[in-house]
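One structure below.
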Amino acid sequence: MSDTVQDPGSDRDPDGDRSVIGSEMSGEDVAHGETLLEVDGLKKYFSQESGLLSGVSLDPSQFPPIEIGRNRVKAVDDVNFEIRRGETLGLVGESGCGKSTLGRTILRLLKPTDGNIYFKGQDLADLSGEALRQKRAEIQMIFQDPQSSLDPRMKVGRIIEEPMRAHGMLDDEGREARAKDLLEKVGLDSRHYNRHPHAFSGGQRQRVNLARALSVNPDFIVCDEPVSALDVSIQAQVLNTMEELQEEFGLTYLFIAHDLSVIRHISDRVAVMYLGNVVELAEKEELFENPQHPYTEALLESIPVPDPRQRDARGVLEGEVPSPVNPPSGCRFRTRCPRLIAPDEYAWTDEEWAHTRAFLRAVKRRTFEPMTAAEIEAEFFGGELPTGDAGEIVRRAIDHVATDRGDAGAGVGAETGSGTETESGSDTAGGPEGVGHPNVDWADATELLLESFARQSICARERPAYEVEPEYGTEPHFAACHLHR
Ligand SMILES: Nc1ncnc2c1ncn2[C@@H]1O[C@H](COP(=O)(O)OP(=O)(O)OP(=O)(O)O)[C@@H](O)[C@H]1O
C-alpha cells in the first residue's frame, strides 16, 4: 500500500460560494499573528520494505517472536511547532533530515504515524475523504522542480485553472479572468495564458506554479525548495515576488530549504531540523546571530566563505548522519557533536574530557595510523592521561589500538556493556592499515569508549528541550541541547 493520499476528483458543494474557496470558505478566521497551524508530537515513519509483512521482523529471543516496526525509517520523529498567520517559518537542515516528509505530512499528502496537525484549530491528522479534499483548497504546496510539476501538454491558463475546477470555484469565464489576473500578480503577462510551459524559463515556471497554488485562495503554502533549481540571480526575484504575494494575500508560508542564505532572505522564524527532530527554533536574527545548538553552529559555519584564509576554520560537521532507522538515543546530534557533555560519574577537567572526546571520535572513525601507546598518549593527551577511573578506561582503550600493547588489552572489550544501542556504524571510516595490524582492535576500543563515556553522557540519556533567553528579538528561542540545562 502506498502512503500517498491522492486528491480525489472534483465534486463541489453546489450550495457553496463559487468565487471564494480556501480561506474565506471555511468561515474560521485567524487574525494576523495568531496561530494558524500547530504541529504536536508529529511522527512519520516509513516501512523500508513494501508488502504485507513490511515492518514485521522475527526476534526469536522474545515471545511472541515478532516485532513490528523495528526497521522503520523515522523520517519525522516527534516534531512540535506552531506557525502564525502571515509569517514565514523557514525549515532548514541537511539532505535527508526529514524536511520534505514533514511538509508532506502537514499537507496530509502522507498519513502521519502519530501526532496532531491543528489547522485553524481542526486536526488534519483526523481528516480523510471529502473533508480532507475540501481543506486542500486552504493549504497548497509548491515544489522544487517547476519543470516536472507542470504538465507540458497543458496550456498555462488551464494549469492555473485546474485547482479551481477541482474545487468547483467560479465558472469558465470567471476562472479565465482569475487565471489572467493571477498571471499578472505573479509577475508574468496575462497574454501568457495560451502558452505551454516549455516556452517559459525556470523562474517563470515557478511563477506559474505560484499562480496555480494561489488560484484557490489558500491561507497557507508549504514551499518545498521552491527556488533551489533556479539560478542564484533569479532566486532573489522569485523570493521577492513571494514576499509581495504574502503581503497582498495575507499568506502564511512554511518554507523548506537547505540553503541558509535563502532561508535568511525569506524567513521570520527558522526551525533547524536534524535526523527527524527540530533541534532549534528561533527568530531569524536570533538564530543567525545567536545560535544555541551545536548543529546549528556547525551548519552556519559550513556556509562557504569567499575568503580563503578563513577556510580552515570551517567544515566542523564531521562524520556521517546516523541512520534514521536506528537514531541515537537522547540528543540525535550527539554522535557528531563537538560539544558532547562529559559523563557525570568521572571527575574530569575540561581539558581531560576534550582530549578523551577527541580520542573517542578518532578511534570510532579510525582516523589515525597505527602507532605505539606512548605515541597515542602524546598525540591525543599531550602525554598525560586523565586521572582516576576515566584514565584507567582510556588506558585500556589505548591498549586495544596501540601497535605495541595489543596483548595487554586482549579480552577487555568483552566486559564492556551490552551495546544495546548501536551508533549506526556509519561513522566508521575503516582505516585499512589499522584493521590489518595484528595488535589493533578498533571495534573493542570503540565499544569500550562508547559504553564507558559517550552512552553515559546526559546527551545519550535524555532528549533535550530547553528555552533560552533571546538576545535578538523577543520570541521564545528553543534549543534542544543539554548545554542549556
Ligand atoms: N517513501 C519513503 N519510503 C521510505 N523512506 C523514505 C520515504 N521518503 C523519505 N524517506 C526517508 O526519510 C528520510 C527523510 O527524507 P526527506 O526526503 O523527508 O528528507 P529531506 O530533508 O527533505 O531531504 P532532501 O532535501 O534530500 O529532500 C530519509 O532517510 C529518506 O530516505
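Values in this text are rule-based calculations from the coordinates and carry no lab data. On a predicted model such as this, the values are computed, not experimentally measured, just so you know. As a convention, Cβ positions derive from the backbone with ideal geometry for all residues, glycine included, and neighbour counts pool all protein chains shown.
Give me the net charge of Glu462's neighbourhood, meaning all other residues with Cβ under 11 Å from the Cβ of Glu462; Lys, Arg count +1, Asp, Glu -1.
Value of the local net charge: +4.
In whole percent, what relative contact order does region 204-306 give with Cα contacts below 8 Å and a gap of six or more residues?
Once normalised by length, the contact order is 20 percent.
Give me the percent of DSSP beta bridges within region 23-267 that run antiparallel, rounded to the nearest 5.
Among the beta bridges of region 23-267, antiparallel pairing accounts for roughly 60 percent.
Identify all lysines with a Cα-Cα distance to Lys43 below 28 Å; exclude those on the same chain that are fewer than 8 residues away in sequence.
Lys74, Lys99, Lys111, Lys120, Lys135, Lys284
Can you sort Arg332, Arg395 by how many other beta carbons sit within 10 Å, fewest first?
By the 10 Å Cβ count, ascending, the order reads Arg395, Arg332.
Give me, ordered by chain and number, the residues 5 or more places off Arg195 or on other chains with an amide H under 5 Å from its own placed amide H.
Sorted by chain and number, the residues that satisfy this are Val156, Gly157.
Determine the gain in length on full extension of the stretch His32-Glu244; use 0.36 nm per residue of separation and subtract their C-alpha separation, reporting nm with one decimal.
74.7 nm
Put one equal scatterer on each alpha carbon of region 23-267, apply the Debye formula with no solvent term, and list log10 I(q)/I(0) at q = 0.15, 0.18 1/Å to two decimals.
-1.07, -1.43
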